[in-house]
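A quick write-up on the structure given underneath.
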């Protein structure tokens, strides 16, 4: 890292001149490391038997290719010593199990054997707090844009520290947003999160094709602070006790000529219960990613997860093994 920093200092005056020739930095390439992507998720209402683990290997700085790890032996054992084998699929590096037995508060151990090295990690499945209700507010059309805010409520269990990872998929196509939540500020109380989305409304109300997505999907991470929740991409506050004034809109006739045509939309919210250790890992990872603001700034450290190499201690793997319970809520509604 010192070598890279020194090179950047030397190159700074050059970068601000009229030189147009490309500059290649000779970066040291560390020994490739195994990367374990083992997010075991038991979605409520499913058997949880089908699970996937992905194995890759780190590459050189300029190498954009993803290097899959093929031919590994992968299995998980529970506290009863039951073994659940993962077999590689046609896609290299993707390992599939069709007989996994999920159980909350059960402890699982993942074993990965590759190139004579054995990697293990242990985690306990964390239960998730169920969604109690979902409320929606639809804003008026302003300058051909309309907004929708969705609140999902949960009752946080008391006498235990709870940690959550909330995923929200926007109304229209786009990347989902993630928020990490600790119940430190609302332990044992009801809490909620907000999803805000906006979209372009065509002047031609009869043309669905002209309705384009302008998604600004975010979640309020400042839960129950002063009992008021604000989404920076939204123009309004949600306050405790607010009523959903537009709840009856869902029952209106789609063919009502006075109101115009309606189009069906949905927001998918996935709440996942995670362990404190996994929460802390994700917070550190998030901090590292947020601090990378240019091509010359690389992470100062490689973040270790909960997997370890029991064959060669110094050759530790990257990634994480987590076992979690989740609940998915699909909120569907019509927008004029």
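Details
- Residue, farthest from residue 192 (Cα to Cα), within segment 112-136, restricted to residues that are assigned to a strand (DSSP E or B) and free of Cβ contacts under 8 Å to residues at least 60 places away in the same chain: 113
- Exclusive hit being at pLDDT 70 or above and either assigned to a helix (DSSP H, G or I) or farther than 18 Å from residue 326 by Cα (or both), set 173, 184: 184
- Neighbours by Cβ (under 8 Å, 6+ apart or cross-chain): first from segment 187-205, within 19 Å of residue 150 (Cα to Cα); second part of a loop (DSSP other than H, G, I, E, B) and at pLDDT 70 or above: 190/156; 191/156
- Among the residues of segment 29-51, those identified as closer than 21 Å to residue 73 by Cα, in a strand (DSSP E or B) and under 20 Å from the mean Cα position of the chain (by Cα) are 35, 36, 37, 38, 39, 40, 41, 51.
- Residues located in segment 70-95, provided they are in contact with a strand residue (DSSP E or B) (Cβ under 7 Å, 6 or more places away or on another chain), under 22 Å from residue 124 (Cβ atoms) and assigned to a loop (DSSP other than H, G, I, E, B): 78, 79
The values are calculated or read from the model by the stated rules, or taken from the named source; none is laboratory data. Values in this document were obtained by computation on a predicted structure and should not be read as measured data. Ideal geometry is used to build each Cβ from the backbone, glycine not excepted, and the neighbour counts take in all protein chains shown.
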